[in-house]
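Peer 1: Here you go, one structure.
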Amino acid sequence: MNFPDLVKQRFSARRYKDQPVEKEKLTRCLESARLAPSASNSQPWKFVVVDDPELVQKVAVETYSQIVSFNKFTHQAPVIVVFVMEKPKIITQIGGRIKNKEYPLIDIGIAAEHFCLQAEEEGLGTCMLGWFNEKPIQKLLGIPPGKTIGLIVTLGYPNYEKRPTKKRKSFGEVVSYNTY
């Protein structure tokens with residue numbers, strides 16, 4: 001598939017078929033994320049793959065609460081990938097302090113998008129989650145104290161008869177040249 005079509009086709013899947021994800025496809029998604037660019041080539045990430053069905057359910061419970069219930073679809077996903085932020089190179093840390101930027105978080109986002117686009121190419125669906133209960137997930141997965149979970153991505157075969165329509169702002173609303 002050519003890149004513009006891939007980008008247009010990719011959407012956030014919130015319904016999944018009860019079908020496992022082949023290891024080869026999962027590996028290609030992880031490899032695409034691993035190859036993503038990062039500030040000063042720090043590669044400040046670790047991808048924790050959760051594919052044990054019992055553990056998937058435990059992690060899924062920690063992606064919503066009684067007040068915020070919009071992530072309950074995570075129980076349908078056969079795979080959940082937790083993107084953990086690792087310590088960047090010292091030059092990146094210094095640059096981040098000077099420029100007041102959290103480069104590892106930006107880098108995690110780039111890696112996650114590489115993962116999601118590869119998944120789309122593989123016929124899989126994904127959804128990036130920013131809402132989750134970090135401490136319980138860290139405990140469940142043995143993520144060391146002091147590490148931060150940047151985001152979580154669900155992965156599986158989407159269960160839609162018809163793809164949801166993408167709603168995006170117009171080109172003119174988000175693009176300007178030479179001035180704001």
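Peer 1: At 222 nm, what value in deg cm²/dmol follows for the chain if DSSP H runs of at least 4 each add -39500 (n - 2.57) and the sum is divided by all its residues, to the nearest 500?
Peer 2: Value at 222 nm, helices only, nearest 500: -11000 deg cm²/dmol.
Peer 1: Sticking to Cα atoms, compute the Rg of the stretch 1-116 to one decimal and its Dmax as the biggest Cα-Cα distance, whole number, in Å.
Peer 2: Rg then Dmax for the stretch 1-116, in Å: 16.3, 48.
Peer 1: Would you mind counting up the charge near LYS87? Only other residues with Cβ under 11 Å from its Cβ, with Lys and Arg at +1 and Asp and Glu at -1.
Peer 2: That sum, taken over residues with Cβ under 11 Å, equals +2.
Peer 1: Among ILE110, ILE143, ILE137, which comes first, then next, by fewest other beta-carbon atoms within 10 Å? Numbers along the way, then the final one.
Peer 2: On the way: ILE110 15, ILE143 18, ILE137 22.
The fewest-first ordering by Cβ neighbours comes to ILE110, ILE143, ILE137.
Peer 1: Below 12 Å, Cα to Cα, which aspartates and glutamates can LYS147 reach? Residues fewer than 8 away in the same chain don't count.
Peer 2: List returned: GLU86, GLU134.
Peer 1: Along its three principal axes, how long is the stretch 102-180 when you only count alpha carbons? Whole Å, largest extent first please.
Peer 2: Projected onto the principal axes, the Cα atoms of the stretch 102-180 cover 45, 41, 20 Å.
Peer 1: Could you identify which residue out of GLU31, GLU113, GLU54 has the top mean-square fluctuation in a GNM of the chain using Cα springs shorter than 10 Å?
Peer 2: Its mean-square fluctuation being the largest, the pick is GLU54.
Peer 1: For a quick check, take a GNM of the chain with Cα springs below 10 Å and name the residue from TYR16, TYR160, TYR103 with the largest mean-square fluctuation.
Peer 2: Fluctuation is largest for TYR160.
Peer 1: What percentage of all Cα-Cα pairs in the stretch 53-131 are separated by more than 16 Å? Working shown, then result.
Peer 2: Numbers: 1905 of 3081 pairs.
Percent of Cα pairs beyond 16 Å in the stretch 53-131: 62.
Peer 1: If a/c stays under 1.5 just call it rounded; otherwise compare a/b with b/c (prolate if a/b is bigger, oblate if not). Do that for the stretch 42-173, with a ≥ b ≥ c from the square roots of the Cα gyration tensor eigenvalues.
Peer 2: Oblate is the answer for the stretch 42-173, as a/c is 1.5 or above yet b/c matches or exceeds a/b.
Peer 1: Counting Lys and Arg as +1 and Asp and Glu as -1, what is the net charge of the other residues whose Cβ lies under 13 Å from the Cβ of VAL7?
Peer 2: Computed value for this residue: 0.
Peer 1: A further question follows. Can you list the aspartates and glutamates whose alpha carbon is less than 20 Å from that of LYS162, not counting same-chain residues fewer than 8 positions off?
Peer 2: Within the straight-line limit of under 20 Å, LYS162 reaches these aspartates and glutamates: ASP5, ASP18, GLU120, GLU121, GLU122.
Peer 1: Expected output is a single nm value to one decimal: the length gained when fully extending between GLN66 and LEU140, i.e. 0.36 nm times separation in residues minus the C-alpha distance. What is it?
Peer 2: 24.6 nm
Peer 1: Quick check: Cα centre of the stretch 51-101 to Cα centre of the stretch 144-159, how many Å?
Peer 2: Comparing the Cα centres of the stretch 51-101 and the stretch 144-159, I get a distance of 4 Å.
Peer 1: Please list the non-local residues whose amide H lies under 5 Å from the amide H of ARG15, H modeled 1.01 Å from N, same-chain partners needing a gap of 5 or more.
Peer 2: ASN159
Peer 1: Between ARG15, ARG168, ARG28, find the one with the highest GNM mean-square fluctuation for the chain; connect C-alpha pairs within less than 10 Å.
Peer 2: Answer for the Gaussian network model of the chain: ARG168.
Peer 1: Using only alpha carbon pairs under 8 Å that are at least six residues apart, calculate the relative contact order of the stretch 3-159 and give it in whole percent.
Peer 2: Values: 276 pairs, mean separation 59.8, N = 157.
That works out to 38 percent.
Bear in mind these aren't lab numbers, they're just calculated from the coordinates by the rules spelled out. Predicted, not measured: the structure shown is a model, and the values here were computed from it. No Cβ is skipped: glycine too gets one built from the backbone with ideal geometry, and neighbour counts run over all protein chains shown.
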